[in-house]
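Notes for the one structure printed next.
The values are calculated or read from the model by the stated rules, or taken from the named source; none is laboratory data. Remember, predicted model here, so these are calculated numbers, not experimental data. As a convention, Cβ positions derive from the backbone with ideal geometry for all residues, glycine included, and neighbour counts pool all protein chains shown.
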Amino acid sequence: MIKDILEKQKLEFICGENVVIGRCIKMGSSTLDSIQDKHKSIKNKKLKALNDKTHNIILIRDIDLKWKSGVIQDLLYNEFNLPQDLLRLLENGYWLNTGFKESLKSDNNIRVKNTKRFTELMIALHDLQGTSNLNWMFQDHAKFYCWNNGMTGQGELNLLSLYPYMDIENYYFMELSDLSSPKFKKWITKKDTFWEGCDFTRKNKTSDNAKLQLEIFWEEYNDGQNPLTDSTFLREYNLVSPFSNIIGGYKYNNIIHDVYQMNCNAIEYIRNSHPRYLKF
């Protein structure tokens, strides 16, 4: 069955002559797109999953980081059109020093108002007992289980994670963090001269200030859920997120839990045992 699916499937690659790199959102796609735009020799192509003409590189990263990064991007920029004034506050580090819990106690009425608006928005988007559809955290950029954009049309392969590709001899696996490594650049240009002169510097980096403040929000929320602490910050709410304790054990949904664990196991196996794991 798996072979039948693979024979019909095409994956998206950024291609040199004989070394190609899989394209996937939240997996260096902006960097690869920039290379393609600047170098005529580098093309975006859909290739048959089963082919013996190219060395196919699949980029990997920690599941938690991939998932959280996707959730942050959709929250800030894609899915919900966060009010521009709140987005600017996040990008400028408005809550970096005081946090959210303390800001609600501030003597500054504007700070209290801004903090209430932001926390109410977070509750509306994450409340387990609320009216919002929480599936947004598992779709679009938050598809932690997807490793190539070509996989998105094949539900069976989405659930099978990386396993079908591990047994194909011309598939290699490499850490996303190594994409910008000088050692990788030296390796790929030696294997394929089409990649010479390409800039693998990371592009489209999410605002550090915004990321840090969202992490602060969830740290304060998780602390408030702990009955052993004095904090009661949002204790009355059950907020679902890859950052929150309620999903920290991944008990929100059994299917999500199983798919998450399968992907974690796949990454662990590749790093520890796979013969075609490229490490730079």
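In this structure, is Leu134 aliphatic (A, V, I, L, M), outside the structural domain of Leu47 (by TED's automatic domain parsing) and within 27 Å of Ile255 (Cβ to Cβ)?
yes
Please work out which residue is modelled with the highest pLDDT, limiting yourself to the stretch 1-40 and to residues that are among the basic types (Lys, Arg) and within 26 Å of Lys68 (Cβ to Cβ).
The qualifying residue modelled with the highest pLDDT is Arg23.
Every residue in the stretch 161-210 that is β-branched (Val, Ile, Thr) and more than 16 Å from the chain's Cα centre (by Cα), please.
Within the stretch 161-210, Ile168, Ile188, Thr189, Thr193, Thr201 qualify.
Here's the yes/no breakdown for (1) buried (at least 17 other Cβ atoms within 10 Å of the Cβ); (2) modelled with pLDDT of 95 or more:
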site: Phe184; (1), (2): yes, yes
site: Trp187; (1), (2): yes, yes
site: Trp195; (1), (2): yes, yes
site: Asn204; (1), (2): no, no
site: Asp208; (1), (2): no, no
site: Asn222; (1), (2): yes, no
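Condition (residue is under 30 Å from Val240 (Cα atoms), aromatic (Phe, Trp, Tyr) and not in a loop (DSSP other than H, G, I, E, B)) applied to the stretch 9-31: is it met by at least one residue?
Looking for residues that are under 30 Å from Val240 (Cα atoms), aromatic (Phe, Trp, Tyr) and not in a loop (DSSP other than H, G, I, E, B), one finds none in the stretch 9-31, hence no.
Which of the residues that make up the stretch 219-245 are assigned to a helix (DSSP H, G or I) and farther than 11 Å from Ile123 by Cβ?
If the condition is that a residue be assigned to a helix (DSSP H, G or I) and farther than 11 Å from Ile123 by Cβ, then Glu219, Glu220, Asn222, Asp223, Gly224, Gln225, Asn245 are the ones that fit.
Within the stretch 41-81, which residues are at pLDDT 90 or above, assigned to a loop (DSSP other than H, G, I, E, B) and over 14 Å from Glu169 (Cα atoms)?
Residues satisfying the conditions are Ser41, Ile42, Arg61, Asp62.
Those residues that are more than 25 Å from Asp208 (Cβ to Cβ) and out of contact with any Lys or Arg (no Cβ under 9 Å at 6 or more places or on another chain), I need them from the stretch 94-115; list them, please.
Listed by number, the residues that qualify are Lys105, Asp107, Asn109, Lys113.
Of all the residues that make up the stretch 253-280, how many are of a type outside the set (Phe, Trp, Tyr), more than 15 Å from Trp67 (Cα to Cα) and surrounded by 13 or more Cβ atoms within 10 Å (Cβ to Cβ)?
8
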